[in-house]
Amino acid sequence: MRFILFFLFFSFTIQAQVPGQTQHCGYDFTSYLVLNVHEEGARENIKGLKLSLVDLDGKPVLNTNNQYSWKENNRELVFSFNYLIDENNQRLEKPQEGIKERWFFPYAKDNYFLSIVNTFPADQIKVKIEDVDGKENGGFFETQLVELGYFDLFVLCSNQALDYAVQFGRKANKPLEVILKKQ
């Protein structure tokens, strides 16, 4: 009986060490939406915009029971603008000389981003872009709805990212480019 238990334990141990088994990382079960929002002919992202998720009818999407994101439970999902942090992971308001800095979300530069779950239904959700306060941009930009697709997601720790990398079409894990129009 001991031999059988030892054999079962040994087989499970060997199975766990077989190459090809994926190792977990900090981004497991999480993807990101990253948007590069700028004017025609400009490269710099427009700051001070409100980017939020809406359904196909244009109604705000609530993150009921963390259905769409592991953050902001039971709230409307709004994008953040990527920012610089120092070596102690403290937010930097502006670049400072002599301090080693990096982007909070390292896979995007000065872009808008939102953390979502890997099972996010991209084809059933849109991004609503609004110039709401008018302080930073003067309220000059039209509200725009942007359709999403699966290739618009940053899937960072999944075999799906590898599968999509060998297919034709838009490159995976690249910010979705949105060109805003002035009113």
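Please list, or write none, the aspartates and glutamates whose alpha carbon is within less than 18 Å of the alpha carbon of Lys181, excluding same-chain residues fewer than 8 places away. Straight-line reach from Lys181, under 18 Å: Glu39, Glu40, Glu44, Glu130, Asp131, Asp133, Glu136, Glu142, Glu147. A full extension of the chain between Glu72 and Lys174 corresponds to an added length of 34.3 nm, given 0.36 nm per residue minus the alpha carbon distance. Direction-averaged projected area, Cα convex hull, segment 46-122: 6.4 nm², rounded to one decimal. With all protein chains kept in place, the per residue accessible area of segment 23-105 amounts to 66 square angstrom at a probe of 1.4 angstrom.
Taking a straight Cα-Cα cut-off under 15 Å and skipping sequence neighbours fewer than 8 places away in the same chain, the aspartates and glutamates within cross-link reach of Lys174 are Asp110, Asp152. Amide H contacts of Val61 (H built 1.01 Å from N, in plane; Pro and chain starts excluded): Leu53, Val54, Asp55, Leu77 sit under 5 Å, all sequence-distant by 5 or more or on other chains. Tell me, what is the percent relative contact order of segment 41-151, built from C-alpha pairs under 8 Å that lie six or more residues apart? It comes to 29 percent, rounded to a whole number.
I want the local charge near Tyr83. Using Cβ-Cβ distances under 14 Å, sum +1 for each Lys or Arg and -1 for each Asp or Glu among the other residues.
On the way: positive: Lys47, Arg91, Lys94, Arg102, Lys109; negative: Asp86, Glu93, Glu101, Asp110.
The answer is +1.
Label sites at Ser80 and Ala122, each approximated as a point 7 angstrom past Cα along Cα to Cβ, lie 2.2 nm apart.
Less than 5 angstrom separates the built amide H of Val117 from those of Ser31, Ser69, Trp70, all sequence-distant by 5 or more or on a different chain. The residues packed around Glu147, meaning those with a beta-carbon under 10 Å from its beta-carbon, carry a net charge of -1 if Lys and Arg are +1 and Asp and Glu are -1.
The values are calculated or read from the model by the stated rules, or taken from the named source; none is laboratory data. All figures in this text were calculated on a predicted structure; none of them were measured in a lab. In this analysis, Cβ positions are derived from the backbone assuming ideal geometry, glycine residues included, and neighbour counts consider all displayed protein chains. The protein model used for the area step is the full one, side chains on, heavy atoms only, and it has no ligands, DNA or RNA in it. Shrake-Rupley method; radii C 1.70, N 1.55, O 1.52, S 1.80 Å.
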